[in-house]
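The values are calculated or read from the model by the stated rules, or taken from the named source; none is laboratory data. Because the structure is predicted, anything quoted here is derived from the model rather than measured. Glycine gets a Cβ as well: all are built from the backbone with ideal geometry, and neighbour counts include every protein chain shown.
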Amino acid sequence: MVIGERKPFDEIMKMIEGHNKIMVLGCGGCVTVCLTGGHDEVRVLSSQLRMARDKDGKPVEIIEKTIERQCDPEYIEGVQALLPEVDAILSMACGAGVNFMAETYSGMAVYPALNTTFVGGSKKEGYYVERCQTCGDCKLYFTAGICPIARCSKSLLNGPCGGSTKGKCEIDSEVDCAWQLIIDRLKSLNQMDRYEDFMAVNDWRSNRDGGPRKMIREDFQR
Amino acid sequence: MSEEYKSGSKLEKVLRAGQFAVTGECGPPRGADPEVIKKKCALLKDKADAFNITDNQTSVVRMSSIASSVIMMQEGMEPVMQMVCRDRNRIAIQSDILGGAALGVKNMLCLSGDHQKFGDHPQSKNVFDLDSIQLIHTVKKMRDEHKFLGGDEIKGAPKLFIGAAENPFADPFEIRVPRLAKKVAAGVDFIQTQCIFNLPKFEEWMKQVVDRGLHEKVYILGGVTPFKSFGMAKYMANNVPGMDVPEELLKRMKDTPKEKQAEEGINIAVETCFKLKEMKGVAGVHLMAIEWEEKVGEIAQKAGFLPRPQL
């Protein structure tokens, strides 16, 4: 899933300065699961904003709303009827959701309440880790299911750098060396011979380097 | 290895002649004053066959490796131009290789590069379009096939002696020799190792290298760094990733009176040089006296490496 983290409160306050009626819009997708942008978080943020603005003597009216997904036109249309009542949307979706809202509603200010941080999963409740960099050309077959692009700090494709120490990355002793994990997995699978295969220079066109990406299911385009 | 020189560099000639090679290192300044390099060059001249010019080492901005290499050549010395993958994509890398070769650079060292987290611009974006092994492959393709990575022909291919680094002390240890084998397969000509303090571990690595016959396909230069003080030894042991300083060496430095520690550091370095010279498969040493260039000559002298052969 896409992981997001709420922006610092002061930054959010600054963004909505000058707006008197706003919608705080949650998303029922990934950010609900990672506990940063769903229904409950909309309520909390809205209360905090009301209190802070009251204290400043500049009260703000807030419509609280959460839709199924902010990255899907079907659900985005659901807020249209409420828009005449507000002059800005504070979206608690990931960056994709914010973009979709902005593209859909011209003339309406749309601000991000979250920083979209990475694609990953939860190790346990409230503990999220990055696992994919969406490079567009999955190499996990060669690396025993552990991604060197997302998990090696240098995205090295042919093995660990000289800074791998006791299973940890040179940048932080809390960060696992991705290549140590790969080697451990290859060994456990009896596939160590794969390590010596030369991984040729990568074609980054499938990554964002090839420009913004799209995926089209032709069979659905009729 | 074929009869014709790949680059014609002095380093290549020394190694091909079967002489025990010596390389040194020179870090460019954090400013535009060429005199700093010239001063370091004066200290290092004739003390080794070629000298690495580091490329923004530890991710701290310095004068470029290419420019510093040219200044060194103007002083009548041979540089090993280092190039890291951290700061350039394949377009810039190949362009700089052509530029360096056009200006007379004959040796190049292919490195991944320290993570920018360690430097003075931790906010920067890193590149790593290629990794160090892919960089070796790129230089070899340019040199031997006269082709760019993209496949187009190069008119006037760069003649470079291709080097790389290897750290026998990093983890996981069991892939350190396979990793060297990958570099050899990619086309590396010489290797400079990480600073060797743990000689038994280095010997173990070297034995695996020899068992696989890799020492016959690549020249291996053992890395030697003198401790300036017990403080430096302790810092290297605890704060430098991938460094292996055994307890007994730390103790030896600690037990030496402060005013004699520098001398003891030199002694240890010289002893390491002697051991490396005797070790099967080792083709030379790489003397890295970090910000202590004036000591390179002393170590080389005491280790019996001077005068350097004139080839």
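Annotations for the structure displayed:
- Any hit, the stretch A:174-189, residues being within 13 Å of another protein chain (Cβ to nearest Cβ), within 24 Å of B:Ile191 (Cα to Cα), at pLDDT below 95 and touching a Ser or Thr at 6+ places or on another chain (Cβ under 7 Å): no
- Matching residues in the stretch B:179-206 - criterion: being touching a Lys or Arg at 6+ places or on another chain (Cβ under 8 Å), without any contact (Cβ under 8 Å) to a residue 40 or more places away in the chain and closer than 18 Å to B:Pro246 by Cβ: B:Trp205
- B:Val139 being crowded, with 22+ Cβ neighbours inside 10 Å, assigned to a loop (DSSP other than H, G, I, E, B) and either more than 11 Å from chain A (Cβ to nearest Cβ) or touching a residue at least 12 places away in the same chain (Cβ under 8 Å) (or both): no
- Among the residues of the stretch A:165-200, just one is touching a Leu at 6+ places or on another chain (Cβ under 7 Å) and assigned to a loop (DSSP other than H, G, I, E, B), namely A:Met199.
- Scanning the stretch B:93-113 for residues that are assigned to a helix (DSSP H, G or I) and either among the basic types (Lys, Arg) or within 14 Å of chain A (Cβ to nearest Cβ) (or both) yields B:Ile93, B:Gln94.
- A residue that is closer than 24 Å to B:Gln208 by Cβ and outside any helix (DSSP H, G or I) occurs nowhere in the stretch B:289-311.
- In the stretch B:150-192, residue farthest from the chain's Cα centre (by Cα) [restricted to those that are charged (D, E, K, R) and either within 11 Å of another protein chain (Cβ to nearest Cβ) or part of a helix (DSSP H, G or I) (or both)]: B:Glu174
- The set of residues in the stretch B:117-136 that are farther than 26 Å from B:Gly24 by Cβ and either facing another protein chain (nearest Cβ under 9 Å) or out of contact with any helix residue (DSSP H, G or I) (no Cβ under 9 Å at 6 or more places or on another chain) (or both) comprises B:Lys117, B:Asn126, B:Phe128, B:Asp129, B:Leu130, B:Asp131, B:Gln134.
- Qualifying residue in the stretch A:151-165 (condition: within 23 Å of the chain's Cα centre (by Cα), of a type in the set (Ser, Thr, Tyr) and more than 14 Å from chain B (Cβ to nearest Cβ)): no
- Single residue of the stretch A:198-209 satisfying the filter (within 10 Å of chain B (Cβ to nearest Cβ) and in contact with a helix residue (DSSP H, G or I) (Cβ under 9 Å, 6 or more places away or on another chain)) that is farthest from B:Ala186 (Cα to Cα): A:Trp204
- Residue in the stretch B:245-252 that is loosely packed, with under 15 Cβ neighbours inside 10 Å, assigned to a helix (DSSP H, G or I) and in contact with a Phe, Trp or Tyr (Cβ under 6 Å, 6 or more places away or on another chain) present: no
- Selection of first residues in the stretch B:241-263 that are touching a residue at least 40 places away in the same chain (Cβ under 8 Å) and of second residues that are part of a helix (DSSP H, G or I) and not aliphatic (A, V, I, L, M), restricted to Cβ pairs under 8 Å at least 6 apart or on distinct chains, gives the following pairs, ordered by first then second residue: B:Asp244/B:Lys201.
- Evaluation of A:Glu170 against (1) among the acidic types (Asp, Glu); (2) under 30 Å from A:Cys30 (Cβ atoms); (3) in contact with a Gly (Cβ under 8 Å, 6 or more places away or on another chain) (one fails), failing number: (2)
- Residues of the stretch B:206-241 that are closer than 21 Å to B:Gly284 by Cβ and either charged (D, E, K, R) or surrounded by fewer than 23 Cβ atoms within 10 Å (Cβ to Cβ) (or both): B:Lys207, B:Gln208, B:Val210, B:Asp211, B:Arg212, B:Gly213, B:Leu214, B:His215, B:Glu216, B:Lys217.
- In the set B:Lys47, B:Lys40, only one residue is within 22 Å of B:Ile191 (Cα to Cα), out of contact with any Ser or Thr (no Cβ under 6 Å at 6 or more places or on another chain) and either free of Cβ contacts under 8 Å to residues at least 60 places away in the same chain or crowded, with 16+ Cβ neighbours inside 10 Å (or both); that residue is B:Lys47.
- Filtered residues of the stretch B:145-179 (kept if surrounded by fewer than 16 Cβ atoms within 10 Å (Cβ to Cβ) and among the acidic types (Asp, Glu)): B:Glu145, B:Asp152, B:Glu153, B:Glu174
- Residues that are modelled with pLDDT under 95 and β-branched (Val, Ile, Thr), drawn from the stretch B:211-252: B:Val240
- Whichever residue in the stretch B:79-99 is touching a residue at least 60 places away in the same chain (Cβ under 8 Å) and buried (at least 22 other Cβ atoms within 10 Å of the Cβ) and, among such residues, is nearest to B:Val188 (Cα to Cα): B:Val80
- Considering (1) at pLDDT below 95; (2) away from every other protein chain (no Cβ under 14 Å), the lone condition that B:Val270 does not fulfil carries the number (1).
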